[in-house]
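*Asks:* Here's a structure for you.
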Ligand code: MG
């Protein structure tokens, strides 16, 4: 008997729900995109940034990374992982890099701007990323902070390329 495939819509809805459950909104991520791209595009609007984040969240690869990472955060928060992984994830152990690797794995599809922006956000911890990084109230966001960096970096890169296309189209029209 063929196993029933998980429907893409269910995966997308679950990934978006996980972000919401963990207190990360689309606007939170769009604000980071705005900060990254507005210096290069003075007419940039938040609406465009929101659209770019939404488009990134339609990618299956991103959805899967969110599901894996947030699941591990939630299990660690409940003390449900086995040792030593439980302690490593719960304390966000300094040399543990799987959170970054998982998130980094989903930026290559958006090119070099996504890769360099990811590195920048991971270091600078802007906006909601900073809030996630301060493990207040027993929250575990070891994977989530890197995932947000990845979504924001992808949306920034996508935006940079789109805006150039739009500018060139406008120039051609103006002739
Ligand atoms: Mg992390």
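The values are calculated or read from the model by the stated rules, or taken from the named source; none is laboratory data. Keep in mind that this is a model prediction, so the values were computed, not measured. Glycine gets a Cβ as well: all are built from the backbone with ideal geometry, and neighbour counts include every protein chain shown.
*Asks:* Answer yes or no: is there a residue in region 131-139 that is more than 13 Å from the ligand (Cβ to nearest atom), without any contact (Cβ under 8 Å) to a residue 40 or more places away in the chain and at positive phi.
*Replies:* There is at least one residue in region 131-139 that is more than 13 Å from the ligand (Cβ to nearest atom), without any contact (Cβ under 8 Å) to a residue 40 or more places away in the chain and at positive phi.
*Asks:* Oh, and also: Which one of the conditions (1) at pLDDT below 95; (2) more than 23 Å from residue 72 (Cβ to Cβ); (3) assigned to a helix (DSSP H, G or I) does residue 126 fail to meet, given that it meets all the rest?
*Replies:* Looking at each condition in turn, residue 126 falls short on (3).
*Asks:* Within region 70-93, is even one residue within 19 Å of residue 157 (Cβ to Cβ) and either without any contact (Cβ under 8 Å) to a residue 24 or more places away in the chain or in a helix (DSSP H, G or I) (or both)? Walk me through how you get there before you give the answer.
*Replies:* Filtering region 70-93 down to residues within 19 Å of residue 157 (Cβ to Cβ) leaves none.
Within region 70-93, not a single residue is within 19 Å of residue 157 (Cβ to Cβ) and either without any contact (Cβ under 8 Å) to a residue 24 or more places away in the chain or in a helix (DSSP H, G or I) (or both).
*Asks:* On to the next question. Looking at this structure, is residue 142 within 11 Å of the ligand (Cβ to nearest atom), over 26 Å from residue 44 (Cα atoms) and assigned to a helix (DSSP H, G or I)?
*Replies:* Working: within 11 Å of the ligand (Cβ to nearest atom): yes; over 26 Å from residue 44 (Cα atoms): yes; assigned to a helix (DSSP H, G or I): no.
No; evaluated as a whole, the condition is false for this residue.
*Asks:* For region 74-112, which positions are within 16 Å of the ligand (Cβ to nearest atom) and surrounded by fewer than 10 Cβ atoms within 10 Å (Cβ to Cβ)?
*Replies:* 94, 95
*Asks:* Just to be sure before I move on: is residue 122 within 12 Å of the ligand (Cβ to nearest atom), on the phi < 0 side of the Ramachandran plot and either without any contact (Cβ under 8 Å) to a residue 40 or more places away in the chain or in contact with a strand residue (DSSP E or B) (Cβ under 8 Å, 6 or more places away or on another chain) (or both) in the structure I sent?
*Replies:* Against the criterion (within 12 Å of the ligand (Cβ to nearest atom), on the phi < 0 side of the Ramachandran plot and either without any contact (Cβ under 8 Å) to a residue 40 or more places away in the chain or in contact with a strand residue (DSSP E or B) (Cβ under 8 Å, 6 or more places away or on another chain) (or both)), residue 122 qualifies.
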